[in-house]
Structures are given as C-alpha cells and as structure tokens.
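Read-outs: derived from the displayed coordinates by stated rules, not from any lab. These numbers were taken from a predicted model, which means no experiment stands behind them. Note that each Cβ is placed from the backbone with ideal geometry, even for glycine, and that neighbours are counted across all protein chains shown.
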Amino acid sequence: MSKHKNDEFISIIWHELRTPMTSIRWYISMILEWDMWDITPEARKALNHCYDSSVRLINLVNDVLAISKIESGKMEYYKREIDITSLMKLVYNDVFLEAEHKKVNFEIEIDKNLKDKFIYIDSDKLRQVFINLINNAIKFTDIWWKVIVKASKIKSKVKFEVIDDGIWIDESKLEIIFEKFSQIESSLQRQNTSWLWIWLALCKSFIKDFWSKINVKSEVWKWSNFNFEIDLI
C-alpha cells in the first residue's frame, strides 16, 4: 500500500470510528450523571471503567491520526503569542480532575521570572503534549504520590518539565520509548502489563516541529522527568 493510500485509509478508519465511540462515551456519561436509574456501586464502578476506556480509545485513535498527518506533511499549525502563566493555568484545568479522580497530588510551579513572558506556538498542540505526558504520569503514579509540572526560565528559553514519582523506566529502555509501537514493561507490580507508547511518539513529533527536543531522565523506583525547551519572544 502506498503512503498516500495508507494515510487515506487511516483517515477513513478514524472517521468511521469517531461517531460510535463518541456515542458510547456520551451514553455512559449520561447514565452516570443523571439520576434516571438505580445504579449499584459495583455497576457504577464498571461503568466508570467503561467510560475511561472509551476516552482512552478515542485519544489513541486521535493520536494515530495526528502522527499520520505529521508524517505525511499534512499537519497544520496555528501559532500565536501566548502568555506562559495563562498557558499553565489552561494545562492545570485540562488535567486536575483526572488527578483528583486518581487521588494523585498534582502541582504546577512557575518561575517568577516568567511573569509576563510569551512564547509563539500552536497552544492547542502544546497543551496536547502536556495532557499526554501528565495523564500518563498520573496513570502510573500511585495514590497520594505527586506529579509536578515546572516552567523555568533558562536564558532566552522556557524549560518545561513533567516530573513524577511513578513512571519508573529502566535506563536501558530510554532510547526506544519514543518509537511509535515500542512496548515497555511497567515497573509497577500492580501494572504487570506492556504499554503502547504511541502518545510519546506524538509528543516527540510535536516538539520536533516546535524546533525543540523532548528529553527524559528516570531512576527506577524513584522518579521520571520529561522535559523540553521553547524559545521566549
């Protein structure tokens, strides 16, 4: 199959999947939020799991489509000036409910030297990078542990970091986690399963198109740090 036909195939599949997946998510949400039925705690727990799975599937399909667009050169970027403090507030609002639901302590730290500082970027795609990094950190961080997003001024750049107590990646695996279909065994005993790291491939692609590079450091059973730098204007 040619690359053009492959991209077209992925796009068609995405559009065919989007409608039923969105309907499933909406109906489950309606059942959970409306007091129309007497739902037992066990049933509510199962429905919550179904809702989370539907959201995860929608996000995964969106990520696959986004990577396909990037690789075919069809991804469009809409850059504008955005205040860093405002961006961090948006990021917090994007994910704090998920952190609260998982009982993970989530914090944002902004360097005081970044007050009234701006970057020129596609803010929606940068927010998607943060959402992917933070949500995965939350997923693999145990309850009451911490996920921190830092923004620091480094000369003429802002350095963003997503730091957690939970994504414990062996140093020997760090070079392959940005490959689209790499699978890394989770270090959490309760997560004894492999994980599809396509979300990291998307983050890498977006950051590369922002003329930067995403880096990762990790120490098993202690912490992980994903970071990248963006030019200030």
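Listed values, structure above:
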item	result
Long-range HN-HN contacts of ILE39 with modeled amide H, under 5 Å	none
Rounded to whole Hz, the Karplus (6.51, -1.76, 1.60) HN-Hα couplings of the range 155-163, x for glycine and proline	6, 9, 10, 10, 9, 9, 9, 10, 10
Distance between modelled label sites at SER29 and TRP211, nm, 7 Å Cα→Cβ extension	3.8 nm
Amide proton proximity set for ASP122, modelled H, under 5 Å, gap of 5+	ARG80
Potential lengthening between GLU219 and ARG18 on full extension [0.36 nm per residue; Cα-Cα distance subtracted]	68.5 nm
FRET E, pair ASN113, TYR77, Förster distance 45 Å, beta-carbon r, rounded to 0.05	0.95
Cα principal axis extents for the range 46-100, largest first, Å	41, 33, 10
Those trypsin sites (Lys or Arg not before Pro) in the range 81-146 that DSSP places in a loop and that have at most 13 other beta carbons within 10 Å	LYS103, LYS115
